[in-house]
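Below you'll find the structure I mean.
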Amino acid sequence: MKRVPVTLDVNGESHALSLEPRRLLSDALREECGLTGVHVGCENGVCGACTVLIDGAPARACLIFAVQMQGHAIATIESVARGGALSPLQQALHEEHGLQCGFCTPGLVMTMEAWLKDNPDPDETAIRAALSGHLCRCTGYQSIVAAVKRAARIARERA
Amino acid sequence: MKPAPFAYHRAADATDALAVMAGASDAAFLSGGQSLAPMLNLRMARPALLIDLNDCAELSGVTLGDGGLRIGALTRHHHLATDATVRSRHPLLAEAAATIGSDAIRRRGTLGGSLAHADPAAQLPLIATLCGAVIALQSARGARMIEADDFFVSALETAREPNELVVAATFPDLAPATGWGLAQLCKVAGDFAVASAAATLALDGAGAIVDARLAVGAVCDRPMALDAAGLRGARPGPDVFEDFAMAAVGALDIADAPGIDADDRRDLAAAMIVEAMTRAAARAGRAA
Ligand SMILES: Cc1cc2nc3c(=O)[nH]c(=O)nc-3n(C[C@H](O)[C@H](O)[C@H](O)COP(=O)(O)OP(=O)(O)OC[C@H]3O[C@@H](n4cnc5c(N)ncnc54)[C@H](O)[C@@H]3O)c2cc1C
Ligand code: FES
Ligand code: FES
């Protein structure tokens, strides 16, 4: 099938690409842009590992075609630590042992970075509901929930 | 897996989308992609052309119309769940949308896509069936309106012709003081329900039921409206609800499904009906 030109705006950088329309955004980000922090688990929208932000809102990169993204701003996990400094959520995940193999981590960080902006002081039930779109096979989730709570506290203190 | 090759057209507006559809032989509309993309990835769908509706701004949004809320097909689940007008005018629809999948799914998935996809366990088809929503369809040849109950035919099958665009759906206003309830049994929060039910109840000044509507999802091959006329005049309460639920599921065509047999599905559907009615009764005000 014919390739089509598309310019992806990712983490503030512009990538001029030529892609088949069937190319998944997740694959384009990994293979064309070199952003391998975008993890691919299921390609069904279920596991959440590939979650990125599109115009600030979380989305499954495996359920979007890269050609659709002309004119939209994409943010991946690579944009979260600013100048090498971990975000409050990344710091809290580190301190609370919120990751083991780290496969699920980039996707859930993207979801929760956006979610914490709208929910600066969340309770545990709300955190668990927000995390329900992300599968983690290692941690049993307790340490992730603790990390999100801690991240909210750190962010409130920094504010 | 990866999709089979397809061509892509980013429609500028609905007119453009319909014109391209009219000239194509094997095309599909693409809205949120939250059902279509998995089907393409699994190669359960292999259209030659995708017509992307995401730039069709006129297909998106909520307007107050005669006797109801008109909701554009491209309106996202997230918008339905959070919009102040929907939450005040149709709280049942807002609550149903808030329980779909997870945040990332709700940010992209759309009303039109959910109706056209017609998953038997999906929330929005259930509420559309319960409320008698009217779905507006359009093709290059003309427009027509169809009631939800006539629209949903079977699992992933609707009365929509392949070249017809879902433009909007109008959800009639709930009568004043009507109570509403939604009950869903999901194995994991955000999963499709194993059984679901939705109810609206209106009471008279003496507390008797003057109007009741019920629908069940996930246990038949499409959402099913139940005949609730027999509830008129009854007083809401556990016995009335249970008797109604047992009779209602007995009349439904419920088959064995993978991992669950028909009897269990019937029991779960009955439990969801009772739960939805109980919630609706608790919210129902008494008419003056
Ligand atoms: C992990 C996950 C969990 C989910 N959980 C739930 C859940 O709990 N409950 C639930 O209800 N749904 C759930 N969904 C599905 C989600 O709600 C979808 O958004 C919805 O079913 C389809 O809407 P869409 O806009 O994404 O449509 P698309 O995927 O873009 O399209 C779906 C179908 O409709 C057609 N179509 C799209 N728009 C139109 C239109 N305007 N006119 C005519 N045809 C059109 C397409 O050609 C395609 O056949 C889930 C999805 C995922 C990935
Ligand atoms: S790879 Fe996208 S959700 Fe699993
Ligand atoms: S840390 Fe291994 S999957 Fe979550």
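All of the numbers you see were taken from the coordinates with simple rules; none came from a lab. Worth saying up front: this structure is predicted, and the values here are computed from it rather than measured. FYI the Cβ positions are ideal-geometry reconstructions off the backbone, even for glycines, and counts take in every protein chain you see.
At a threshold of 8 angstrom on Cα-Cα distance, excluding pairs fewer than six apart, so keeping six or more, what relative contact order does segment A:4-79 reach in percent? Mind showing how you got there, number by number?
Working: 151 pairs, mean separation 30.5, N = 76.
Once normalised by length, the contact order is 40 percent.
How many partner chain Cβ atoms sit within 10 Å of a residue's Cβ in peptide B:28-38, on average, as a whole number?
4
Collect residues whose amide H, placed 1.01 Å from N in the peptide plane, falls under 5 Å from the amide H of B:Ala195; neighbours closer than 5 in sequence don't count.
When sequence neighbours closer than 5 places are left aside, the close amide H contacts are B:Leu185.
Rank these for me by crowding, B:Thr200, B:Thr85, going from fewest to most other beta carbons within 10 Å.
Ranking B:Thr200, B:Thr85 by Cβ neighbours within 10 Å, fewest first, gives B:Thr85, B:Thr200.
Give the angle, between 0 and 90 degrees and rounded to the nearest 10, that separates the Cα long axis of helix B:262-283 from the longest principal axis of the Cα atoms of chain B.
70 degrees
Oh, and also: Among the listed pairs A:Lys2/A:Lys117; A:Lys149/B:Lys2; B:Lys2/B:Lys187, which are separated by more than 32 Å between their Cα atoms?
Cα-Cα > 32 Å for A:Lys2/A:Lys117; A:Lys149/B:Lys2; rest within.
Show that you can apply the helix-only estimate: for chain A, add -39,500 (n - 2.57) for every DSSP H stretch of four or more residues, divide by all residues, and state [θ] at 222 nm to the nearest 500.
Details: 4 runs with 47 residues, N = 159.
Roughly -9000 deg cm²/dmol at 222 nm, from the helical runs in chain A.
Tell me what chain B gives for mean residue ellipticity at 222 nm when only DSSP H runs of n ≥ 4 count, each as -39,500 (n - 2.57), the sum divided by the residue total, rounded to 500 deg cm²/dmol.
The per-residue figure over chain B is -9500 deg cm²/dmol.
What shape does chain B have by the C-alpha gyration tensor, where a ≥ b ≥ c are the square roots of the eigenvalues, rounded means a/c under 1.5, and otherwise prolate means a/b greater than b/c and oblate the rest?
Prolate shape, in that a/c is at least 1.5 and a/b is the bigger ratio.
Turning to a different aspect of this structure: Amide H neighbours of A:Leu19 under 5 Å, counting only residues 5+ apart in sequence or on other chains, H built in-plane at 1.01 Å?
A:Val4, A:Val6
Averaging sequence separations of C-alpha pairs under 8 Å and six or more residues apart, then dividing by the length of chain B, give the relative contact order as a whole percent.
So the answer I get is 16 percent.
Can you check what the Kirkwood hydrodynamic radius comes to for chain A, Cα pairs only, in Å to one decimal?
16.0 Å
OK, next. For segment A:4-79, I need the span (max minus min coordinate) of the C-alpha atoms along each principal axis, in Å, sorted largest to smallest.
30, 25, 20
Let me ask something else. Quick check: the distance between the Cα centres of segment A:54-88 and segment B:88-133, to the nearest angstrom?
Rounded to whole Å, the Cα centres lie 26 Å apart.
Another one. Could you list B:Arg76, A:Arg137 so that the one with the fewest beta carbons within 10 Å of its beta carbon is first and the one with the most is last?
A:Arg137, B:Arg76
Then there is this: Using the alpha-carbon atoms, what tilt in degrees (0 to 90, nearest 10) does helix A:105-118 show relative to the longest principal axis of chain A?
Orientation of helix A:105-118: about 70 degrees from the principal axis.
Still on this structure, please answer the following. If you average the sequence gap of Cα pairs under 8 Å that are 6 or more apart and divide by the length of segment A:88-158, what percent do you get for the contact order?
Working: 73 pairs, mean separation 39.1, N = 71.
55 percent.
Still on this structure: Just to be sure I follow: if Rg is taken over the C-alpha atoms of the protein assembly as shown and Rh is the Kirkwood radius over the same atoms, what is Rg/Rh?
Rounded to two decimals, Rg over Rh is 0.99.
With a bin width of 10 angstrom, please list the P(r) values of segment A:53-120 as percents of all Cα-Cα pairs, from the 0 bin to the one holding the largest distance.
Each 10 Å bin holds this share of Cα pairs: 18, 49, 27, 5.
Let me ask something additional. Between 0 and 90 degrees, rounded to the nearest ten: what's the tilt of helix B:238-250 against the longest Cα principal axis of chain B?
Tilt of helix B:238-250: around 50 degrees.
Ranked by Cβ crowding within 10 angstrom, fewest neighbours first, how are A:Val80, B:Val167 ordered?
A:Val80, B:Val167
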